[in-house]
Amino acid sequence: GYNLIVGKSRRKGYSYKSGGIGAKNYYTKPMSLTIYTAYEKKYLYPGGLFTMSKNYTDFINANTGLAQPADKVNRQDHIKASYEETVDGVVVEKGFKSEMVAYTMKDNPDALRGKDAEDIFFEESGAFGSPGLLQSAYAASVDCVKAGPVKTGMITLFGTSGDMEGGTYDYADMFSRPAAFDLFAVQNIWDKG
C-alpha cells in the first residue's frame with residue numbers, strides 16, 4: 001500500500017532499472033500506462049530516463065519475437081503499442097495498447113492528475129525546482145495509482161541531493177518523514193541517531 005522513495009549516490013543504474021520496468025510493463029501488461037516524470041525534460045529525453053526505456057523497446061522489437069509496433073503513437077515523449085487497421089471501411093486501433101509517457105513538472109505540478117498508471121517514476125527528485133514543487137507534484141499523482149482505497153500501481157521517487165535551499169528540501173523532507181507521505185519506511189540501522 002506504500003510508494004517508494006530512494007536516496008542514492010550517482011551512477012547506481014536507477015535510470016536503467018526504471019527504464020527496464022517500463023519496458024517490462026509495455027510488453028507484459030496490456031493497456032498499462034508507465035509514466036516517467038522529472039522537473040525538466042533533459043532528465044527524460046533525449047538521452048534521459050524515457051530514452052533509456054525506449055532503447056529497451058527498440059532492442060526487443062528488433063531482436064526478439066515479442067515485437068510490439070508503435071505505429072499510431074511513437075514520439076520522443078510517448079509511445080503506445082498499437083497500430084491502425086481498416087475493418088469494414090472503418091479505421092480501428094488494435095494491439096496491446098500499453099503506453100510509456102514522459103511528463104515534465106517544471107510549469108505544471110498537476111500534469112499527472114487524472115491518469116491511471118501502473119508505475120510512475122520521479123527522476124532526479126532532488127533537483128525538482130523550488131521548495132514545495134516535488135511535494136505538490138507527488139500529492140497530485142497519488143490518486144493515479146489508486147482506485148478508491150485500493151492501491152493499483154506504485155510511485156517511485158529517486159535521485160541524489162542537490163541544492164538544499166531548492167528542490168532537495170522536499171526530497172529530504174519526504175525521505176526523512178516517509179509515513180507522512182505514504183512512503184515505505186525502512187528502519188535505519190546504519191547511522192547513529
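The values are calculated or read from the model by the stated rules, or taken from the named source; none is laboratory data. Remember, it's a predicted structure, so these values are computed and weren't measured experimentally. We place every Cβ from the backbone using ideal geometry, glycine too, and count neighbours over all the protein chains shown. Heavy atoms of the whole protein, side chains included, go into the accessibility calculation; ligands, DNA and RNA do not. Shrake-Rupley method; radii C 1.70, N 1.55, O 1.52, S 1.80 Å.
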**OP:** Report, by residue number, each residue of region 79-99 that is crowded, with 23+ Cβ neighbours inside 10 Å and assigned to a loop (DSSP other than H, G, I, E, B).
**Re:** Ala81, Ser98
Subject >> Selected residue (criterion: surrounded by the most Cβ atoms within 10 Å (Cβ to Cβ)) from residues of region 45-78 that are aliphatic (A, V, I, L, M) and within 20 Å of Phe122 (Cβ to Cβ) >> reply: Leu49
Subject >> Identity of the residue in region 9-38, within 19 Å of Ala117 (Cα to Cα) and part of a loop (DSSP other than H, G, I, E, B), that ends up most open to solvent (accessible area, probe 1.4 Å) >> reply: Met31
**OP:** State whether one or more residues within region 88-100 are in contact with a helix residue (DSSP H, G or I) (Cβ under 7 Å, 6 or more places away or on another chain), over 22 Å from Lys146 (Cα atoms), touching a residue at least 12 places away in the same chain (Cβ under 8 Å) and not hydrophobic (A, V, I, L, M, F, W, C).
**Re:** no
Original post:
What are the residue pairs meeting all of these: first residue in region 47-72, first residue more than 15 Å from Asn25 (Cβ to Cβ), second residue among the hydroxyl-bearing types (Ser, Thr, Tyr) and open to solvent by 40 Å² or more (accessible area, probe 1.4 Å), Cβ atoms under 8 Å, and 6 or more apart or on different chains?
Top reply: Pro69/Tyr83; Asp71/Tyr83; Lys72/Tyr83
Original post:
Ala102 fails exactly one of the following numbered conditions: (1) in a helix (DSSP H, G or I); (2) in contact with a strand residue (DSSP E or B) (Cβ under 6 Å, 6 or more places away or on another chain); (3) small (Gly, Ala, Ser). What is the number of that condition?
Top reply: (1)
Original post:
Just wondering, is there one or more residues in region 106-125 that are under 16 Å from the mean Cα position of the chain (by Cα), part of a loop (DSSP other than H, G, I, E, B) and within 16 Å of Tyr27 (Cβ to Cβ)?
Top reply: yes
Subject >> Where a residue in region 127-148 is under 17 Å from Thr104 (Cβ atoms) and in a loop (DSSP other than H, G, I, E, B) and its partner, wherever it lies, is open to solvent by less than 60 Å² (accessible area, probe 1.4 Å) and among the hydrophobic types (A, V, I, L, M, F, W, C), with Cβ under 9 Å and at least six apart >> reply: Phe128/Ala38; Phe128/Met105; Phe128/Phe122; Phe128/Leu134; Phe128/Ala137; Gly129/Met105
